[in-house]
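Have a look at the structure below before the remarks.
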């Protein structure tokens, strides 16, 4: 069994709050370049995605308590200091362990998709 290099607190955060790699990339980008507020068009250009997708990422990260929307866009503003600490630790880990973090996010996404599919699977009546 492989040893994980992702601390439990960061692992829990990833599994509970980050549904996809684009969410993670957006969060870390907004955190790293906090001097200017982030709009959907700015994020779309940086992540090479469409503006609607970028707007959704920003909105969802805001709803998760990670970003705050102001007059001109979004800024990194976690709802509490421990959350900010976890995101900083995740940023450092992601820089060194991109594949491991991405695999963890994908494994969570795969499980959520399977549970969703199972909920709609037709079952034969006995």
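Please treat every number below as a calculation from the coordinates, not as lab data. Every value quoted in this text rests on a predicted model; they were computed, and no experiment measured them. Every residue, glycine among them, receives a Cβ derived from its backbone with ideal geometry; neighbour counts consider all protein chains shown.
Extension gain for residue 35 to residue 77 (0.36 nm times residue separation, less C-alpha to C-alpha distance): 13.9 nm. Over region 8-119, the pair-distance histogram of Cα-Cα distances with 5 Å bins from zero comes to 2, 12, 22, 23, 20, 13, 5, 2, 0 percent, rounded to whole numbers. In this rough spin-label picture, where each label sits 7 Å from Cα along the Cβ direction, the residue 45-residue 11 distance is 4.0 nm.
Computed on region 8-119, with alpha-carbon pairs under 8 angstrom and 6+ residues apart, the relative contact order is 32 percent.
What FRET efficiency, computed as 1/(1 + (r/R0)^6) with R0 = 30 Å and r the Cβ-Cβ distance, is obtained for residue 103 and residue 69, rounded to the nearest 0.05?
With a Förster radius of 30 Å, E is 0.45.
Applying 1/(1 + (r/R0)^6) with R0 = 22 Å to the Cβ-Cβ distance of residue 88 and residue 59 gives a FRET efficiency near 0.45.
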